[in-house]
1. Under the rule of at least 5 residues apart or a separate chain, name every residue whose amide H is placed under 5 Å from the amide H of residue 93.
2. Provide the per-residue ³J(HN,Hα) series for the range 86-92, in order, calculated from phi with Karplus coefficients 6.51, -1.76, 1.60 and θ = phi - 60°, each as a whole number of Hz, with x at glycine and proline positions.
3. What is the packing order of peptides 39-52, 63-76, taking the mean over residues of other C-beta atoms within 10 Å and listing the highest first?
4. Would you mind calculating the gained length between residue 88 and residue 146 on full extension (0.36 nm times residue separation, minus the Cα-Cα distance), in nm to one decimal?
5. Considering only protein heavy atoms, what per residue accessible area in square angstrom results for the range 49-196 with a 1.4 angstrom probe?
6. Subtracting the Cα-Cα distance from 0.36 nm times the residue separation, let me have the gained length for residue 134 to residue 228 in nm, one decimal.
7. So how much slack lies between residue 122 and residue 210, counting 0.36 nm per residue of separation and subtracting their Cα-Cα distance, in nm?
8. Within the set 71/219; 78/142; 112/132; 78/131, which residue pairs have Cα atoms separated by over 22 Å?
Amino acid sequence: MNTIQRVRMDQLPDITRLCLRQLHGGKRPPNPLAFQGPDGHGENIWVFAHRRTQQVIYSFNATLDGFHAMKQLPYNGKKTKPAKLRKDYWAPMAKIELPRGQGNLGRVVFQKLRELKHLHEVSWDDSLLYKKPIEYSEAEKKAAAKRAAENEPDPRFTRSKAQRGKALNAQKANSVADMAAVLGNGGNSNKIEPTETTGVKLPVRVIWSDINDAGYAKKWPRNVKHTQQVDPVAETPLPANAEVAA
């Protein structure tokens, strides 16, 4: 027991020196260039979607980084998170382009999109517990048709745990709606600031792999222009079910 006490006493000078060093050592000033990244960082944001599960990953690069991208995929139950990213399953859904020199604003947009995606995955209402008509089995379809013929309320069939996990993974529609909201200056600390010359919001272009995906958002702000990936120069009109905010 005495030996243990002597060891601890021998350590006291080292601990004292460490505390004094932290007390007298001032904090280094932050490097203003530390968070800017390379030239043009943040001006382009790629939105990747899984072909089968409709999971979504945001990236500043045209290719996915397995280590950082996997952090954006939550665990929603058994076999809901892949062990690795397969290139044949993931493809760019859209690319968000901001004007040259607006990378700082693009990084704010990127942050807001990730925050909203995480919010969808952890905060959901009771509607997620129940199946949509497209998910009904044959027996459930017959039961629903019978209740409709008898003028009874629509039935509510409960999803299994695995089905709830798959529903939480499918964030493609939510992500498109989030893009429309964030690029339209939605959310706290998010400013698509008006330009000094025109007084209008900053112009943004979204290049889609499939222009019909833009229809997941009910309205798009007027400062956002849409193009098809196969023809990135000419502006492509929105689908009929997508509106532009006034």
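1. 47, 48, 49
2. 9, 5, 7, 9, 9, 8, x
3. Values: 39-52: 17.4, 63-76: 13.9.
Top to bottom by mean Cβ count within 10 Å: 39-52, 63-76.
4. Details: separation 58, 0.36 × 58 = 20.88 nm, distance 4.24 nm.
Here the segment from residue 88 to residue 146 would lengthen by 16.6 nm.
5. Working: 9200 Å² over 148 residues.
Here the per-residue accessible area is 62 Å².
6. On the way: separation 94, 0.36 × 94 = 33.84 nm, distance 2.89 nm.
Extending this stretch completely gives an extra 31.0 nm.
7. On the way: separation 88, 0.36 × 88 = 31.68 nm, distance 2.81 nm.
That works out to 28.9 nm of additional length.
8. Working: 71/219 30 Å; 78/142 30 Å; 112/132 29 Å; 78/131 19 Å.
From 71/219; 78/142; 112/132; 78/131, over 22 Å: 71/219; 78/142; 112/132.
The values are calculated or read from the model by the stated rules, or taken from the named source; none is laboratory data. A quick note: this is a predicted structure, and the numbers were derived from the prediction, not measured. Virtual Cβ from ideal backbone geometry, glycine too; neighbours counted across all protein chains shown. The protein model used for the area step is the full one, side chains on, heavy atoms only, and it has no ligands, DNA or RNA in it. Shrake-Rupley method; radii C 1.70, N 1.55, O 1.52, S 1.80 Å.
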